[in-house]
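To start, the structure under review is shown below, and the notes come after it.
The values are calculated or read from the model by the stated rules, or taken from the named source; none is laboratory data. Source: prediction; values computed, not measured. Neighbour counts run over all protein chains shown; Cβ positions are idealised from the backbone, glycine included. In case anyone asks, the SASA skips ligands and DNA or RNA and just uses the protein heavy atoms, side chains included. Shrake-Rupley method; radii C 1.70, N 1.55, O 1.52, S 1.80 Å.
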Amino acid sequence: SLVHQGIALEDARDWSATGCVEPTITGKHYGHTNCMLLNMVAPMEMALNNGVHPVMGDKIGPETGEITTSFPTYEDFLKAYKTQLQYLIEQSIEINNYLGYAHQYVHPTPVLSSMFSGPLEKGKDIIFGGAQYNTSGVALVSLTDAVDSLLVVKDLIYEKKEMDFATLMDAIANNFEQNGHAGTLKKIERVPKFGSDAPGTREVAQDLIDFCYDLYSSKDNYRGGKY
C-alpha cells in the first residue's frame with residue numbers, strides 16, 4: 001500500500017502506526033493524518049433531495065434531479081450520488097488547503113522540522129513541504145452506510161421493483177414509523193448488506209472506494225504532496 005503511494009520499499013518496511021488511522025514513515029513522512037472527515041452519507045441525502053441537505057435545509061450541492069422523476073435506471077441514481085460526492089470532496093480539498101496556507105503563515109514548526117529528514121536538505125519547514133514524503137490522509141466516514149443505501153435502492157427499486165422512491169422518501173420522513181412503513185423497513189432489512197459476501201456487495205463498495213481514491217489522489221495538497 002505504501003509503495004503504491006510512491007514511498008520507497010526500504011522506507012515502507014519501517015512504517016509506524018499513526019494512531020488507528022494509517023501507516024506513516026517515522027522521521028521522513030509528514031502525513032497530515034486525518035486532515036479531514038468526510039461523511040459519505042451526506043451526498044446520499046443530497047442526491048435524494050436534489051442538492052438540499054435535509055438536516056440544514058439548505059441547497060449546498062448541485063441540482064442532480066428530482067428523486068421521483070429523474071432516475072430511470074440505477075446508473076442514473078448512482079451518477080447523481082457521485083456528482084454530490086465529488087462536489088463535497090472538491091470543496092473539502094479547497095477548504096483544507098486554505099487551512100494549510102493559514103497554518104504556514106501562523107504556525108511554522110522549526111523544532112519538529114529538525115527531527116525530520118528533508119527540511120535541512122530542502123531548506124523548508126515541514127509545514128511548507130520540507131519532509132521527504134508529504135501526504136494528506138483523508139478519513140471517509142460511513143462508507144458502509146452509503147454502500148448499504150445503494151444496495152437497497154438497487155435491489156428494491158430497480159431490480160425487484162418492490163418499492164419506488166416516493167415510498168422510500170415518505171418512510172424516511174416518518175422514520176419508518178407511520179403509514180405502514182414497518183413493512184418497508186422489513187424489506188430493507190432483508191437486502192444483503194456490506195460484509196455479507198453476497199454477490200454484488202463488494203463490487204458496489206469497491207466502485208465507491210476507487211471513485212474516491214482517484215479523485216483525492218489527483219489533487220495536490222498545500223505542501224505539494226497528494227491527498
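Okay, residues lined up against (1) touching a residue at least 12 places away in the same chain (Cβ under 8 Å); (2) touching a strand residue (DSSP E or B) at 6+ places or on another chain (Cβ under 8 Å); (3) under 16 Å from Tyr213 (Cα atoms):
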position: Tyr74; (1), (2), (3): yes, no, no
position: Leu88; (1), (2), (3): yes, yes, yes
position: Gln91; (1), (2), (3): no, no, yes
position: Glu94; (1), (2), (3): no, no, no
position: Thr109; (1), (2), (3): yes, no, no
* Could you run through segment 7-32 and say how many residues are part of a loop (DSSP other than H, G, I, E, B) and at pLDDT 90 or above? => 9
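Hey, any hits in segment 202-216 for a residue that's more than 30 Å from Ile95 (Cβ to Cβ), in contact (Cβ under 8 Å) with a residue 12 or more places away in the chain and surrounded by 13 or more Cβ atoms within 10 Å (Cβ to Cβ)? Give the steps one after another, and end with the answer.
Step one: of segment 202-216, the residues more than 30 Å from Ile95 (Cβ to Cβ) are 202-203.
From what's left, in contact (Cβ under 8 Å) with a residue 12 or more places away in the chain: none.
No, segment 202-216 contains no residue that is more than 30 Å from Ile95 (Cβ to Cβ), in contact (Cβ under 8 Å) with a residue 12 or more places away in the chain and surrounded by 13 or more Cβ atoms within 10 Å (Cβ to Cβ).
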* State all residues of segment 178-196 that are more than 23 Å from Phe71 (Cα to Cα) and either among the acidic types (Asp, Glu) or in a helix (DSSP H, G or I) (or both); if no residue qualifies, say none. => Ala182, Gly183, Lys186, Glu189, Arg190
* **Extreme residue, least open to solvent (accessible area, probe 1.4 Å), among residues of segment 140-177 that are part of a helix (DSSP H, G or I) and aromatic (Phe, Trp, Tyr)** => Phe165
* **Residue match in segment 102-123 (condition: open to solvent by less than 30 Å² (accessible area, probe 1.4 Å), part of a loop (DSSP other than H, G, I, E, B) and over 14 Å from Cys35 (Cβ atoms))** => yes
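A quick yes/no check of all residues on (1) free of Cβ contacts under 8 Å to residues at least 40 places away in the same chain; (2) touching a Cys at 6+ places or on another chain (Cβ under 6 Å); (3) within 21 Å of Asn49 (Cα to Cα); (4) among the β-branched types (Val, Ile, Thr):
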{"residue": "Ala80", "(1), (2), (3), (4)": "yes, no, yes, no"}
{"residue": "Val138", "(1), (2), (3), (4)": "no, no, no, yes"}
{"residue": "Asp145", "(1), (2), (3), (4)": "no, no, yes, no"}
{"residue": "Asp170", "(1), (2), (3), (4)": "yes, no, yes, no"}
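Which of the residues that make up segment 1-34 are under 19 Å from Ser113 (Cα atoms) and within 19 Å of the chain's Cα centre (by Cα)? Steps first, answer last, please.
Filtering segment 1-34 for residues under 19 Å from Ser113 (Cα atoms) gives 11, 15-16, 18, 24-33.
The answer is Gly31, His32, Thr33.
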* Asked: Just to be sure, is Asn134 in contact with a Cys (Cβ under 9 Å, 6 or more places away or on another chain) and either assigned to a helix (DSSP H, G or I) or in contact (Cβ under 8 Å) with a residue 24 or more places away in the chain (or both)?
  -> no
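Pick out the one residue from Ala47, Ala42, Ala80 that is more than 24 Å from Asn96 (Cα to Cα), crowded, with 17+ Cβ neighbours inside 10 Å and at pLDDT 95 or above.
Among Ala47, Ala42, Ala80, only Ala80 is more than 24 Å from Asn96 (Cα to Cα), crowded, with 17+ Cβ neighbours inside 10 Å and at pLDDT 95 or above.
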